[in-house]
Amino acid sequence: MRTLSILGSTGSIGRQALDLVRQHPDKFQVKALTAYHQREALFEQVREFRPELAVLAEPAEGIPEDLRFCRFLYGEEGLLAASSQVNADMVLVAIVGIAGLKSVMDALRAGRQVLLANKEALVTGGHLVTEAAASCGKPLLPVDSEHSAIFQCLQASGGNRPVRLLLTASGGPFRTWTKEAMAQATPAQALRHPNWSMGAKITVDSATMFNKALEIMEARWLFDMPAEKIQVLVHPQSIVHSAVEFADGAVLAQLGVPDMRVPIAYAMNYPERMTTGTQPLDLFTAGQLTFEPGDPERFPALRLAGECLRAGGAACTVLNGANEAAVSAFLREEIPFGAISEAVEDALNRCGHLPADTLEDIYAADAAARRCVAQRIAK
Ligand code: NAD
Ligand code: MG
């Protein structure tokens, strides 16, 4: 029996992880669950999975009588308890955004096995997170589907040296749109992802392809590969979840229908495998599998990823912070879709040179990037 805390349990990844716990009650016991504002959803989860700790952003009035067995905590204090004080074997960090960085660091410092869905932690604090994982002696287990695919391929390397990572991308809902059409796309259009059902922020990131930029950065840290050796392949069918090219010329890929429960399950039960309830892949009905290069002209994120990694310092943090702020503004209908990447480039030009040696530096660069976006919107 493995014990597990899930941070961001009411989100898309969190709910799918709980579905796996539900399928395998003999394998996992939930110790802590955290949400942000979705109190009713959290109450329901507490009722079903009976954790010892539950966390919300703010104190909630009227915790139901039947949930008195569970301790409720709030805000930072609650997240700290869930990530490091509750005695769980594993912590799944499925919070969205840089808000997940602190929890990842706290969990690692407490010696927990981290299952990492939150890519923004590696994007912004890659060197600190990988150092903390190395000193706690428990490698990060990737949950992001592409990184899980790469991780699975690497398990079969048999000493073969990986020379290139082939990172697939669906291309999102605007893969075939012109730049002009995309510039005016609405939130409803951006939220209609062709293959994956995910939280709002990552769905918009898929539409701008900032998700792939963040994933290049994530891969750089997880697999210690320079940006030059990470190739993006737009693969609209989302069947090949990514691949690794080895020194002997072999390319190993991981395939399956798009269902996040597969990579989540691999991390939860690593190195063992378990059933997930996913549909089997039928290659006859899947149709053609196609691959095309990404277009950095229509999707500037693809160019910015390599530029930021080469620039070092806080460039990746600034890209991430500006993107988070711009995506929120887009979802509130304050800026058009085309303004997201413009706002990120502007923030990079203005504060991309900041340092990122410590957590304090990283939060300062993140705040500076958000200020740049806010000022731009106010103008
Ligand atoms: P989501 O928006 O559906 O859920 C986010 C969860 O985090 C919710 O439980 C929410 O209550 C909580 N949360 C939000 N802001 C918070 C804050 N400031 N502090 C504490 N908790 C907060 O997001 P998601 O789609 O599940 O994605 C979660 C993470 O996993 C993201 O980093 C995303 O990039 C990554 N990821 C998601 C998918 C997917 O299929 N959804 C795939 C790959 C990677
Ligand atoms: Mg992904």
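The values are calculated or read from the model by the stated rules, or taken from the named source; none is laboratory data. None of the values given here were measured: they were computed from a predicted structure. Here the Cβ positions follow ideal geometry from the backbone for every residue, glycine too, while neighbour counts run over all protein chains shown. These accessible areas exclude ligands, DNA and RNA; they are computed on the full protein's heavy atoms, side chains included. Shrake-Rupley method; radii C 1.70, N 1.55, O 1.52, S 1.80 Å.
Check region 56-75 and report whether any residue there is touching a residue at least 12 places away in the same chain (Cβ under 8 Å), under 24 Å from residue 138 (Cβ atoms) and either touching an Asp or Glu at 6+ places or on another chain (Cβ under 8 Å) or open to solvent by less than 30 Å² (accessible area, probe 1.4 Å) (or both). Before the answer, list the steps.
Residues of region 56-75 touching a residue at least 12 places away in the same chain (Cβ under 8 Å): 56-60, 63-64, 66-67, 69-75.
Pick out the ones that are also under 24 Å from residue 138 (Cβ atoms) and you get none.
No: zero hits.
In region 252-304, what residues are charged (D, E, K, R) and either touching a helix residue (DSSP H, G or I) at 6+ places or on another chain (Cβ under 6 Å) or surrounded by 14 or more Cβ atoms within 10 Å (Cβ to Cβ) (or both)?
Narrowing region 252-304 to residues charged (D, E, K, R): 259, 261, 272-273, 282, 292, 295, 297-298, 303.
Answer for region 252-304, where residues must be charged (D, E, K, R) and either touching a helix residue (DSSP H, G or I) at 6+ places or on another chain (Cβ under 6 Å) or surrounded by 14 or more Cβ atoms within 10 Å (Cβ to Cβ) (or both): 259, 261, 295, 298, 303.
Would you be able to say whether some residue in region 308-322 is open to solvent by 60 Å² or more (accessible area, probe 1.4 Å), within 23 Å of the chain's Cα centre (by Cα) and free of Cβ contacts under 8 Å to residues at least 40 places away in the same chain?
Scanning region 308-322, I find no residue that is open to solvent by 60 Å² or more (accessible area, probe 1.4 Å), within 23 Å of the chain's Cα centre (by Cα) and free of Cβ contacts under 8 Å to residues at least 40 places away in the same chain, so the answer is no.
Looking at 134, 156, 149, 190 in this structure, which one is among the hydrophobic types (A, V, I, L, M, F, W, C), buried (at least 23 other Cβ atoms within 10 Å of the Cβ) and over 26 Å from residue 342 (Cβ atoms)?
Working: 134 fails: buried (at least 23 other Cβ atoms within 10 Å of the Cβ); 156 fails: buried (at least 23 other Cβ atoms within 10 Å of the Cβ); 190 fails: over 26 Å from residue 342 (Cβ atoms).
On inspection, the qualifying residue turns out to be 149.
Please specify each residue of region 94-105 satisfying the condition of being away from ligand 2 (no atom under 16 Å from the Cβ), closer than 20 Å to residue 10 by Cβ and open to solvent by less than 20 Å² (accessible area, probe 1.4 Å).
Once the filter is applied, which keeps residues that are away from ligand 2 (no atom under 16 Å from the Cβ), closer than 20 Å to residue 10 by Cβ and open to solvent by less than 20 Å² (accessible area, probe 1.4 Å), region 94-105 yields 98, 101, 103, 104.
Give the residues of region 110-133 that are within 16 Å of ligand 2 (Cβ to nearest atom) and out of contact with any Leu (no Cβ under 6 Å at 6 or more places or on another chain), sorted by residue number.
Here is the first cut: in region 110-133, the residues within 16 Å of ligand 2 (Cβ to nearest atom) are 115-123.
Answer for region 110-133, where residues must be within 16 Å of ligand 2 (Cβ to nearest atom) and out of contact with any Leu (no Cβ under 6 Å at 6 or more places or on another chain): 117, 118, 120, 122.
Would you check which residues across region 213-232 are within 13 Å of ligand 2 (Cβ to nearest atom) and over 15 Å from residue 340 (Cα atoms) and list them? Working first, answer last.
So the first thing to find is which residues in region 213-232 are within 13 Å of ligand 2 (Cβ to nearest atom), and the list is 213-219, 222, 232.
Answer for region 213-232, where residues must be within 13 Å of ligand 2 (Cβ to nearest atom) and over 15 Å from residue 340 (Cα atoms): 215, 216, 217, 218, 219, 222, 232.
Is it fair to say residue 222 is within 16 Å of ligand 1 (Cβ to nearest atom), surrounded by 18 or more Cβ atoms within 10 Å (Cβ to Cβ) and closer than 21 Å to residue 305 by Cα? Write out each step before concluding.
Numbers: within 16 Å of ligand 1 (Cβ to nearest atom): yes; surrounded by 18 or more Cβ atoms within 10 Å (Cβ to Cβ): yes; closer than 21 Å to residue 305 by Cα: yes.
When the stated conditions are applied, residue 222 passes them.
Can you find a residue in region 72-82 that is closer than 18 Å to residue 55 by Cα and either among the aromatic types (Phe, Trp, Tyr) or within 16 Å of ligand 2 (Cβ to nearest atom) (or both)?
Yes, region 72-82 contains at least one residue that is closer than 18 Å to residue 55 by Cα and either among the aromatic types (Phe, Trp, Tyr) or within 16 Å of ligand 2 (Cβ to nearest atom) (or both).
Only one of (1) more than 16 Å from ligand 1 (Cβ to nearest atom); (2) within 15 Å of residue 166 (Cβ to Cβ) is not met by residue 242, so which one is it?
So residue 242 meets the others, but not (1).
Restricting to region 121-148, give me the number of residues that are touching a helix residue (DSSP H, G or I) at 6+ places or on another chain (Cβ under 9 Å), away from ligand 1 (no atom under 16 Å from the Cβ) and not charged (D, E, K, R).
8
Yes or no: residue 106 in contact with a strand residue (DSSP E or B) (Cβ under 7 Å, 6 or more places away or on another chain) and either among the charged types (D, E, K, R) or not assigned by TED's automatic domain parsing to the domain that holds residue 6 (or both)? Before the answer, list the steps.
Numbers: in contact with a strand residue (DSSP E or B) (Cβ under 7 Å, 6 or more places away or on another chain): no; either among the charged types (D, E, K, R) or not assigned by TED's automatic domain parsing to the domain that holds residue 6 (or both): yes.
So residue 106 does not fit the description; no.
List the strands (runs of 3 or more DSSP E) inside region 26-124, counting only whole elements, that have at least 3 residues being within 21 Å of the chain's Cα centre (by Cα). Before the answer, list the steps.
Working: elements: 28-34, 53-56, 71-74, 90-93, 113-116.
Fully inside region 26-124 and qualifying: 28-34, 90-93, 113-116.
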